[in-house]
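Right, one structure below, let's go through it.
The values are calculated or read from the model by the stated rules, or taken from the named source; none is laboratory data. Note that the structure is predicted; figures quoted are calculated from it, not measured. Please note: Cβ atoms are built from the backbone with ideal geometry, for glycine as well, and neighbour counts cover all protein chains shown. Side chains included, ligands, DNA and RNA excluded: accessible areas come from the protein's heavy atoms. Shrake-Rupley method; radii C 1.70, N 1.55, O 1.52, S 1.80 Å.
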There are 2 protein chains.
Amino acid sequence: MESALINWLRQRVPTNSQLVLGIGDDAAILQLTDGGDCVVTSDTLTDTVDFELCQCDPRRVGRKSLAVNLSDLAAMAARPIAATVALVVPRTSSADLVRDLYEGMFPLAEQFQIAIAGGDTNSWDGPLVLSITALGEVTEHGIWKRSGAQPGDAILVTGCFGGSLLGRHFDFQPRVGEALQLNAGYSVHAAIDVSDGLSLDLARLCEASQCGSLLELDCVPISPDAHRLAERRGDKSALEHALSDGEDFELILAVPLDDARRLLREQPLDVPLTRIGQFIEQPGLWHAAGGGRRERLEPSGYQHRLDT
Amino acid sequence: MESALINWLRQRVPTNSQLVLGIGDDAAILQLTDGGDCVVTSDTLTDTVDFELCQCDPRRVGRKSLAVNLSDLAAMAARPIAATVALVVPRTSSADLVRDLYEGMFPLAEQFQIAIAGGDTNSWDGPLVLSITALGEVTEHGIWKRSGAQPGDAILVTGCFGGSLLGRHFDFQPRVGEALQLNAGYSVHAAIDVSDGLSLDLARLCEASQCGSLLELDCVPISPDAHRLAERRGDKSALEHALSDGEDFELILAVPLDDARRLLREQPLDVPLTRIGQFIEQPGLWHAAGGGRRERLEPSGYQHRLDT
C-alpha cells in the first residue's frame with residue numbers, strides 16, 4: 001500500500017497516555033495503570049497470498065500464523081505470554097481444518113510457554129484467513145525499538161537469508177529465545193525482524209533511526225535455499241534473493257562496536273551471528289564499491305503490506 | 001460450529017500460569033509479572049456474513065468492527081485501553097476504503113479514549129475482512145465473568161432487543177460506560193453481552209454458571225425495530241425477534257435481589273434497566289406458564305460462530 005496511507009494513519013489514529021509505543025514499530029506497548037507494560041502485535045495470513053491451502057498441510061499454516069507474531073515480539077525482545085486466534089474458514093471445510101490449524105500452533109505455543117487465550121472462528125464463502133494477536137511483556141532489560149540505531153553501530157544479523165519460499169517461510173524458528181538472551185547480556189540499540197526482505201526491513205530500521213547503512217555485501221549470509229532458487233529460476237543471483245525475498249524472520253540488530261566484537265567472538269546463540277556492515281550518518285542503503293566509494297543500494301522486498 | 005470442536009479446543013489449548021481467565025468467557029485475562037491484569041478479546045467481521053459492503057457505508061463497518069470488541073470488554077466490566085486493527089481488503093479497492101474503515105472507528109475510539117495501537121493491512125482477491133483485538137484493564141472493582149450467576153439472582157438487561165438488522169447492529173452503543181458505572185456502585189454476579197441472541201446468550205451464561213433461568217416473557221423489552229420486522233416479514237412475532245435476533249449488544253446481568261431492587265428503582269444509567277426473570281437451580285431456560293407451571297424455552301439465535 002502507498003506510504004501516503006501509512007502517514008495518514010500515523011497522524012490520524014487516536015492515542016492515549018497509556019500507549020507508550022504506537023504505530024510504526026514491530027509491536028505496540030501499553031502501560032497498565034497497576035504497573036506492567038503489555039506488548040501487543042497482530043498479523044494476518046490469507047490463503048492465496050501467504051500460503052496456498054490446497055498445496056500445503058494446514059498444520060504448517062497454523063504454525064506460521066503464530067510464528068510470524070512471535071517473531072514480531074522477538075524483534076522487541078519482549079517475552080511472549082499469550083495469543084488470541086481469529087479464524088475465518090471456508091464454509092465447505094470440515095472441523096478437521098480448524099483442528100489442524102490449531103494443532104500446528106500448539107507445539108510452538110508449548111515451546112515458548114504461551115497460552116492460547118481465546119479468539120473466534122467464523123465461516124464464510126471466502127478463502128481461509130488467520131488473524132493472530134500475540135501479547136508479551138517487557139523484561140527487566142527493557143525493549144528494543146526500530147529507532148535506536150546510531151552511526152557507528154555494527155549491523156548484525158541472525159541466521160541466513162533468501163529462498164524462504166522453498167519451505168523456511170513455514171518452518172522458521174522465531175528468534176524469541178535468542179532475543180531475550182541477547183537483551184540480557186549485551187547492548188542492542190535497535191532491532192527489526194525480516195519479514196519483507198533483508199534490504200527492505202533494514203531500510204525501515206534506518207528510516208526509524210534517522211540514519212543509513214553501509215553494507216558489506218560479501219558478508220551477507222546467504223541461505224542454501226537462495227542458491228537453489230537462483231539456480232532454478234535464473235532471474236536473480238543468490239545474493240539478490242537474500243536481500244529481497246523476505247520471510248526469513250531473522251533479526252537485524254544495531255549493536256555498539258564493543259558489544260558487537262564480543263558477540264561475534266563469543267557467538268552465544270544456537271544460530272550464527274554475522275556482521276554485514278555498519279550504520280552510518282548518511283541516510284539510505286549503501287554498499288562499499290571499489291576504491292572506498294559508496295554505491296547506493298535500492299531496498300527491495302515484499303511491499304503489498306501496510307504494516308502499522 | 002459444532003460444540004464438539006469447542007470442547008476439544010477448551011481441553012487442548014496450551015495455557016500457563018499468567019492466563020487467569022482463558023477460553024469460554026467474553027474476554028481473556030492475563031496477569032503481567034510486574035502487576036496489572038490485561039483483558040483481551042478478538043472479534044472478526046467479514047463481508048457477506050456480518051455486513052454487505054456493497055450496500056453500506058464502510059465507516060459503519062469500521063465502527064461496528066471496533067464496537068463489537070468494546071462490547072466484549074463491557075461484558076467483563078473491563079476498562080478499554082487500546083485496539084489493534086487487522087484488515088484484509090480486496091485488491092481492487094482504493095485506499096479510500098481503508099481510510100473510511102478507520103474513519104468509522106475513530107469517533108468511537110475517541111469517545112472511549114482508547115488508542116489504536118497498530119495492526120496490519122493486507123490486500124487480496126477475496127472480500128473484506130476486519131479482525132480487531134481490544135485490550136483493557138481490570139478496575140479496582142474487579143471483573144464480571146459469565147460463571148457467577150446464583151439461583152435467586154435477578155436477570156436484568158440493558159436496553160431493548162430484536163430487529164437489530166434494521167440498523168442497530170451497526171449503530172449500537174457498546175455498554176462500556178454503563179458496565180463501569182454498575183460495577184463501581186452495585187453488586188453484579190455475572191454478565192454477558194448479547195451478540196447472538198438474548199435467549200442464546202442467556203443460555204450460555206446459565207451454562208457457565210451451572211444454573212437455569214426462569215423468564216417472564218411479558219417483561220422482555222422489545223425494540224420498535226422488532227415490531228417493525230415482525231410486521232414486515234410475518235414469520236416471527238416481535239418477541240421471537242427479541243429473543244433470537246442477536247447483535248443487540250446489550251448486557252445481561254445476574255444481580256442479587258437487593259441490588260436489583262435498588263437498580264430498578266434508581267435507574268442510574270442513560271439506558272433503561274429491566275428485570276426479565278430470575279436465575280434458578282434447574283438448568284435450562286424456562287418461562288412461567290399458567291398455574292405456576294414452567295415451560296421450557298429453546299434458546300435460539302445465530303450459531304455460526306465458534307466463540308472461544
Note to self: Relative contact order of chain B, please, whole-number percent, based on alpha carbon pairs below 8 angstrom and at least 6 residues apart.
What the structure shows: 21 percent
Note to self: At 7 angstrom along the Cα-to-beta-carbon line, where would the label on A:ALA4 sit relative to the other copies? Give the distances in nm, shortest first.
What the structure shows: 5.3
Item checked: Relative contact order [Cα under 8 Å, 6+ residues apart], the stretch B:50-177, whole percent -> 41 percent
Checklist line | Other protein chain Cβ atoms within 10 Å, averaged over every residue that makes up A:26-35 | finding: 6
Next item on the list: Can you quote the Å³ per residue value for the convex hull of the Cα atoms in the protein assembly as shown, rounded to an integer?
Entry: 144 Å³
Check: Amide H of A:LYS145: which non-local residues (sequence gap of 5 or more, or other chain) have their own amide H closer than 5 Å, using H built in the peptide plane?
Finding: A:ALA191
Notebook entry, point to check: Counting each DSSP H run of 4 or more residues in the protein assembly as shown as -39500 (n - 2.57), what helix-only mean residue ellipticity at 222 nm follows after dividing by all residues, to the nearest 500 deg cm²/dmol?
Noted result: -9500 deg cm²/dmol
Check: How many partner chain Cβ atoms sit within 10 Å of a residue's Cβ in peptide B:99-105, on average, as a whole number?
Finding: 2
Next item on the list: Keeping all protein chains in position, work out how much accessible area B:SER237 exposes to a 1.4 Å probe, and write it in Å² to the nearest 10.
Entry: 50 Å²
Next item on the list: Taking each label point as 7 Å beyond Cα in the direction of the beta carbon, state the distances from A:GLN267 to the same residue in the other copies, shortest first, in nm.
Entry: 7.7
Notebook entry, point to check: What accessible area, summed over both chains, is buried at the B-A interface (1.4 Å probe, Å², nearest 100)?
Noted result: 6000 Å²
Next item on the list: Using only C-alpha positions, report the orientation-averaged shadow area of the convex hull of the stretch A:217-277, nm², one decimal.
Entry: 4.7 nm²
Checklist line | Kirkwood-based Rg to Rh ratio, chain B, C-alpha trace | finding: 0.96
Next item on the list: Identify the trypsin sites (Lys or Arg not before Pro) of the stretch B:24-115 meeting these criteria: DSSP loop state and at most 15 other C-beta atoms within 10 Å of the C-beta.
Entry: B:ARG91
Next item on the list: Please work out the C-alpha center-to-center distance from the stretch B:5-45 to the stretch A:138-211 and express it in whole Å.
Entry: 29 Å
Notebook entry, point to check: Measuring from a point 7 Å out along Cα→Cβ, what nm distances, shortest first, does A:GLY291 have to its partners in the other copies?
Noted result: 10.9
Notebook entry, point to check: How do A:ASP125, A:ASP72 stack up against each other in accessible area, from largest to smallest, with a 1.4 angstrom probe?
Noted result: A:ASP125, A:ASP72
Next item on the list: List the GluC sites (Glu not before Pro) within the stretch B:95-152 that fall in a DSSP loop (any state other than H, G, I, E or B) and whose Cβ has at most 10 other Cβ atoms within 10 Å.
Entry: B:GLU140
Next item on the list: Would you work out the charge dipole size for the protein assembly as shown about its Cα centre, treating the Cβ of every Lys and Arg as +1 and the Cβ of every Asp and Glu as -1, and quote it to the nearest 20 debye?
Entry: 40 debye
Notebook entry, point to check: For the stretch B:1-113, what does the alpha-carbon gyration tensor say about shape, rounded, prolate or oblate, given a ≥ b ≥ c as the root eigenvalues, a/c under 1.5 as rounded, and a/b over b/c as prolate?
Noted result: oblate
Next item on the list: Treating each Cα of the stretch A:172-308 as an identical point scatterer and ignoring solvent, apply the Debye formula and state log10 I(q)/I(0) at q = 0.15, 0.16 Å⁻¹.
Entry: -0.78, -0.89
Check: When you look at the Cβ of every residue in B:42-49, what mean number of other chain Cβ atoms sits within 10 Å?
Finding: 6
